[in-house]
Structures are given as C-alpha cells and as structure tokens.
1. Given the criterion farther than 30 Å from Pro15 by Cα, over 11 Å from the mean Cα position of the chain (by Cα) and of a type in the set (Phe, Trp, Tyr), identify the matching residue among Tyr100, Tyr156, Tyr127.
2. Working only within the range 31-76, note down all residues that are within 17 Å of Asn130 (Cα to Cα), touching a Lys or Arg at 6+ places or on another chain (Cβ under 9 Å) and surrounded by 15 or more Cβ atoms within 10 Å (Cβ to Cβ).
3. Give me the pairs, please: first residue somewhere in the range 1-25 and within 23 Å of Phe80 (Cβ to Cβ), second residue anywhere and in a strand (DSSP E or B) and among the small types (Gly, Ala, Ser), beta-carbon distance under 6 Å, and either six or more positions apart or on two chains.
4. For the range 50-60, indicate whether the set of residues that are modelled with pLDDT of 95 or more, under 25 Å from Tyr31 (Cβ atoms), part of a loop (DSSP other than H, G, I, E, B) and basic (Lys, Arg) is non-empty.
5. Please determine, by comparing only the residues of the range 136-162 that are outside any strand (DSSP E or B) and hydrophobic (A, V, I, L, M, F, W, C), which one is farthest from Gly71 (Cα to Cα).
6. Which residues, counting only those in the range 92-149, are surrounded by 12 or more Cβ atoms within 10 Å (Cβ to Cβ) and of a type in the set (D, E, K, R)?
7. Report yes if some residue within the range 125-135 is assigned to a strand (DSSP E or B), of a type in the set (Ser, Thr, Tyr) and within 15 Å of Trp50 (Cβ to Cβ); otherwise report no.
8. Inspect the range 10-24 for any residue being out of contact with any Gly (no Cβ under 9 Å at 6 or more places or on another chain), within 27 Å of Val132 (Cα to Cα) and either among the small types (Gly, Ala, Ser) or surrounded by 15 or more Cβ atoms within 10 Å (Cβ to Cβ) (or both) and give the result as yes or no.
Amino acid sequence: VTNTRYREHYHIQTPAGWLNDPNGLCFFKGYYHVFYQFHPYSAEWGPMHWGHVRSKDLVHWEDLPVALVPGDPEDSGGCFSGSAIVKDDRLYLVYTGHHYYDDGNQDHFWEDQNVAYSDDGIHFTKYANNPVIKAPADNSQDFRDPKVWEHDGQYYLVLGSR
C-alpha cells in the first residue's frame with residue numbers, strides 16, 4: 001500500500017510483502033523494538049526475513065532496515081521466529097535457521113538455532129560460529145522458535161520441537 005490514506009497509522013504495517021509472527025520484542029537504547037516474520041518480495045509466504053520497526057511511545061513506528069536476511073549457511077531457507085535479549089549494551093537476536101535438503105521437496109527440511117547481534121539496534125551481524133544449537137539427528141523438523149530470557153543472573157532458553 002503506497003497511498004498513505006490506506007496505510008495503518010497506529011499498528012505496524014510492512015512497506016510491502018508478507019507479515020506474520022512478531023519476534024524479539026524488547027527495549028534497547030531508548031526504543032521499543034519489534035521484529036517480525038517478513039517476506040518482502042510478495043504478499044505470499046516465502047523465505048522469511050526479519051522485518052524491524054522501533055518506537056519511543058508504542059504508537060508511532062519507524063521502519064528500519066531488514067534485520068535478518070536468509071541465504072547464509074546458517075539460514076539458507078529462511079530466518080524463522082525467535083526472540084531478543086539485551087546484555088552488556090548489545091542487542092542479541094536468537095532465531096531459527098531453516099534449511100531445505102537438495103531433493104527439491106519443500107517438506108524435507110531441518111532447523112537449528114542461531115544468533116545475530118547489534119550495538120546500535122539497526123545493523124545486525126550474524127554470529128560467526130552459528131548454529132549455536134544444532135538440530136538433533138532424530139528431531140530436526142519443527143525444531144524452532146527459541147525464547148531466551150535472564151532471571152537472577154542465569155540465562156534460559158526454551159524452544160518448540162516436534
């Protein structure tokens with residue numbers, strides 16, 4: 001939607017393409033950040049990216065560059081859902097890397113868990129030693145959506161598994 005008359009003025013809306021699954025809601029460097037599953041090339045499901053917006057008041061949203069783009073060895077088929085956490089003035093994204101086997105069948109895939117980080121909340125670098133959690137050999141499909149948090153100095157992570 002390019003005509004501002006038809007664009008959302010309160011809710012988050014992508015510049016174009018597909019949006020689903022909010023991810024990594026957090027507060028970092030004076031802004032509320034929301035990441036979301038995003039396929040920028042069509043209004044249909046496709047290789048997921050992480051779209052990104054931020055706000056000072058949770059009402060007025062600023063579109064930011066895409067935070068995660070698939071295609072690297074750790075996320076060749078997509079950057080699926082995850083979460084965010086701030087530690088030592090750095091913003092970390094923990095997300096699922098989606099991969100397809102070479103047989104061309106979209107039902108043949110595996111997933112693992114990866115990390116990206118940012119010091120400014122806008123530009124993200126994928127961790128060089130991804131994946132940080134490899135897919136288990138006996139349960140590699142639907143091994144996704146990590147949620148990370150800190151409690152009393154300890155860090156925890158849960159994720160879904162088929």
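The values are calculated or read from the model by the stated rules, or taken from the named source; none is laboratory data. Remember, predicted model here, so these are calculated numbers, not experimental data. Using ideal geometry, Cβ is built from the backbone for each residue, glycine included, and neighbour counts are taken over all protein chains shown.
1. It is Tyr156.
2. Within the range 31-76, Leu68, Glu74, Asp75 qualify.
3. That search, which allows pairs on different chains as well, returns Thr14/Gly51; Asp21/Ser81; Asn23/Ser81; Asn23/Gly82; Gly24/Ser83; Gly24/Ala84.
4. yes
5. Ala137
6. Result: Glu111, Asp112, Asp119, Lys126, Lys134, Asp142, Arg144, Asp145, Lys147.
7. yes
8. No, the conditions are met nowhere in the range 10-24.
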